[in-house]
Amino acid sequence: MTAGCPSAPAPVLRERGQHEVFCGLTSIIWLHRKMQDAFFLVVGSRTCAHLLQSAAGVMIFAEPRFGTAILEESDLAGMADAQDEIDREVARLLSRRSDIRQLFLVGSCPSEVIKLDLAKAAERLDEKFAPQVRVLNFSGSGIETTFTEGEDACLAALAPRLPASDKRQLLVLGALPDVVEDQMRGLLAEIGIPEVAVLPARRAGDDPAIGPHTRFALAQPFLGDTKAALERRGARHIAAPFPFGEEGTTAWLTAVAAEFGIPAERVEAVTAAPRARARKAVAAAREMLDGKSIFFFPDSQLEVPLARFLARECGMRPVEVGTPYLHRGILGPDLELLGDGPRLSEGQDVERQLDRLRADRPELTVCGLGLANPLEAEGLATKWAIELVFTPVHFYEQAGDLAGLFARPLRRRALLTPEAAA
Ligand code: SF4
């Protein structure tokens, strides 16, 4: 155990052992929905293809915007052949699909893929297909990424390619469902910030321009590399708690507003009605959550802001908050609000963490799919971390749904074991 920095709320348990999380390819599922003219070509194995298909569910659309170029050992008799094969695959795809404006070559784990220079392939293809199609690469490999880091790798690859601008402007970073993004734009416009750039944009042509007068706020806490890439372009980060729940959303909006010289009173006046709606919606779930203990395994990197929301707005008692990376430059304001109560852990040694879980016997455990079933069999209520990134959970209008996601498994368990609810 090592002590954190002086302002740290509590010592942090740092673990580097076996971990059980999905890989970054999972991010493609929400990225392809958001980036409507992008195609994600995974260069990988059959396992990667299966993961994508099962994570996406049954693909009901005829022309999906992601696919897998499967490389087998035999394809790699010579690396030149593999590069030619990628070129052929991409040429075939782009000749068929004139709607594609940006193509991402996505790396994966198999050793044969690791040996391939995908950056070189992307560069070559980018030149060949410019300006109609932009070709970039990033890694979604499970060796390098957890499931939300795929988005970070994708956006960090985009950041150096964004046009330059000297304009003073707000940029919001992180893929939000369109309906949530529109709500956010509405709130910011009412506060007095009518022009908001977002990354990722819905289409390549709407890419934000970046420069020293860009101020950016994160909508997702797992974008550390993208944050660094934007800072290298001179943009400045607005530190704030994440917009989960009434308090988090108000604090986020207030921090953004302050950066643009807009007083907190204006934010309060504009948000009075949605705040009241959020409070009311959260109160409905709070009945089930109040006083209940919760344990987070490290999965989505959303753990710290969610624990803050559940503790402060829903009355829950976080006992351990595990997160893959504890990025204080990003999570500082949430850590401060979370306070000294819960044990913080960074990274994972799954066996040791399971021992602590069994000693704590929390009323709710947030974990990956692989752990959920065995823990349910041990009589513990679980919540799948992955649902938290597939469900709209940001800002006021989703606060009730967010609390409801945690109330549901507790309600189900109470029905299964009525004595547990007593
Ligand atoms: S990238 Fe790696 S971890 Fe992810 S599905 Fe492919 S082989 Fe598995």
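The values are calculated or read from the model by the stated rules, or taken from the named source; none is laboratory data. These numbers were taken from a predicted model, which means no experiment stands behind them. Neighbour counts run over all protein chains shown; Cβ positions are idealised from the backbone, glycine included.
Brief remarks follow.
- Close pairs from segment 352-377: first of a type in the set (D, E, K, R), partner part of a helix (DSSP H, G or I), Cβ under 8 Å, at least 6 apart: Glu363/Leu410
- When each of Thr254, Thr249, Thr271, Thr226 is tested for being polar (S, T, N, Q), closer than 24 Å to Thr145 by Cα and in contact with a helix residue (DSSP H, G or I) (Cβ under 7 Å, 6 or more places away or on another chain), the lone residue that passes is Thr226.
- Those residues of segment 179-194 which are in contact with a strand residue (DSSP E or B) (Cβ under 7 Å, 6 or more places away or on another chain), in contact (Cβ under 8 Å) with a residue 24 or more places away in the chain and surrounded by fewer than 20 Cβ atoms within 10 Å (Cβ to Cβ), in sequence order: Ile193
- Residue satisfying all of: in segment 230-252; of a type in the set (A, V, I, L, M) and closer than 26 Å to Cys154 by Cα; surrounded by the most Cβ atoms within 10 Å (Cβ to Cβ) among these: Leu230
- Selection count, segment 180-201, where residues are over 17 Å from the mean Cα position of the chain (by Cα) and over 21 Å from Ile330 (Cβ atoms): 12
- So Ile60, is it within 14 Å of the ligand (Cβ to nearest atom), on the phi < 0 side of the Ramachandran plot and at pLDDT below 85: no
- Here the condition is being on the phi < 0 side of the Ramachandran plot, surrounded by 16 or more Cβ atoms within 10 Å (Cβ to Cβ) and modelled with pLDDT of 80 or more; of Ala10, Ala49, Ala55, it holds for Ala49 alone.
- For segment 304-345, filtered to residues that are basic (Lys, Arg) and under 24 Å from Ile238 (Cβ atoms), the residue that is surrounded by the most Cβ atoms within 10 Å (Cβ to Cβ) is Arg308.
- Total residues in segment 113-164 satisfying the condition of being among the polar types (S, T, N, Q) and surrounded by fewer than 17 Cβ atoms within 10 Å (Cβ to Cβ): the figure is 1.
- The combined condition, being in contact with a strand residue (DSSP E or B) (Cβ under 9 Å, 6 or more places away or on another chain), modelled with pLDDT under 95, more than 28 Å from Thr145 (Cα to Cα) and not in a helix (DSSP H, G or I), is fulfilled by Gly341.
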